[in-house]
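The values are calculated or read from the model by the stated rules, or taken from the named source; none is laboratory data. Small disclaimer: the values here were computed from a predicted structure and weren't measured. Backbone-built Cβ (ideal geometry, glycine too); neighbour counts: all protein chains shown. Protein only, heavy atoms only, side chains kept; ligands, DNA and RNA dropped before computing areas. Shrake-Rupley method; radii C 1.70, N 1.55, O 1.52, S 1.80 Å.
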Amino acid sequence: MKTSLVMNFSVDKENNRINVEREFAAPVGKVWAAWTQRELLDQWWAPRPWKARTKSMDFREGGTWLYAMVGPEGEEHWSKADYLTIDAKKSFSAIDAFCDSEGNLSPDFARSTWTNTFTEADGTTTVSVSIQYDKYEDIEQIMQMGFKEGFTMALGNLDELLEK
């Protein structure tokens, strides 16, 4: 069994993209389920002490996921993902945006396109995440909000969930 799992986080300034590569000590079916089923997503998606709470999820091409990040004081930050493509247990892509509780997009933040690719080798699954923005300033804004730290913590939560 592998004792150190790969975690790479980089910002491609030239192409306005964040790239994350993360290994998980679990088969692809289990990792895929954690990324695509609301009951599992709500258990790991938010960095502690925050929690993710799904309002609605329709995981299909053309479907959406509407959820809140709920803080320890009950504050809510809403997001919406519009699913573009799905290739079961291999990849999916979605356009992500901050919004209100009804899914109306926030004019204060840019949308981003997430492409998540899943590959398995020897019982370890690698998830490669590419997050594309229109301009680098949008990446700077999200990074100043603590995206790298928060996403890294959430992926650690996923490790714990997959161990159960």
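A few notes on this one:
- Overall, the accessible surface of the chain at a probe of 1.4 angstrom is composed of carbon and sulfur to the extent of 49 percent.
- Our helix-only sum for the chain, with -39,500 (n - 2.57) per DSSP H run of n ≥ 4 divided by its residues, gives a mean residue ellipticity at 222 nm of -7500 deg cm²/dmol.
- Residue-by-residue Karplus 3J(HN,Hα) for the stretch 23-28, coefficients 6.51, -1.76, 1.60, Hz, glycine and proline x: 8, 9, 7, 7, x, 4
- When Ile86, Ile18, Ile142 are compared by accessible area at a 1.4 angstrom probe, the order from most to least is Ile86, Ile142, Ile18.
- Positive-end ranking of Gln37, Phe9, Leu84 along the dipole of the chain, with charges on Cβ about the Cα centre, is headed by Gln37.
- Averaged over residues, the count of other Cβ atoms within 10 Å places the peptides 123-130, 73-80 in the sequence 123-130, 73-80, highest first.
- About its Cα centre, the dipole of the chain is roughly 420 debye, where the only charges are +1 on Lys and Arg Cβ and -1 on Asp and Glu Cβ.
- A simple spin-label model places pseudo-atoms 7 Å from Cα toward Cβ; at Arg60 and Lys135 they are separated by 3.8 nm.
- Residue-level accessible surface for Arg60, protein heavy atoms, 1.4 Å, Å²: 120 Å²
- Separation in nanometres of the label points that stand 7 Å from Cα toward Cβ, at Asp122 and Lys51: 3.9 nm
- Cross-link pairs beyond the 30 Å C-alpha cut-off, checked among Lys13/Lys55; Lys90/Lys148; Lys13/Lys164; Lys51/Lys90: Lys13/Lys55; Lys13/Lys164
- Length-normalised contact order of the chain in % [C-alpha pairs under 8 Å, at least 6 apart]: 25 percent
- Fraction in percent of alpha-carbon pairs per bin - 5 Å, the stretch 1-87: 3, 12, 15, 19, 22, 18, 9, 2, 0
- For the stretch 42-110: rounded, prolate or oblate by the Cα gyration tensor [a/c cutoff 1.5]: oblate
- Under 12 Å from a label point set 7 Å out along the Cα-to-Cβ vector of Lys30, no amide N atom of the stretch 59-88 is found.
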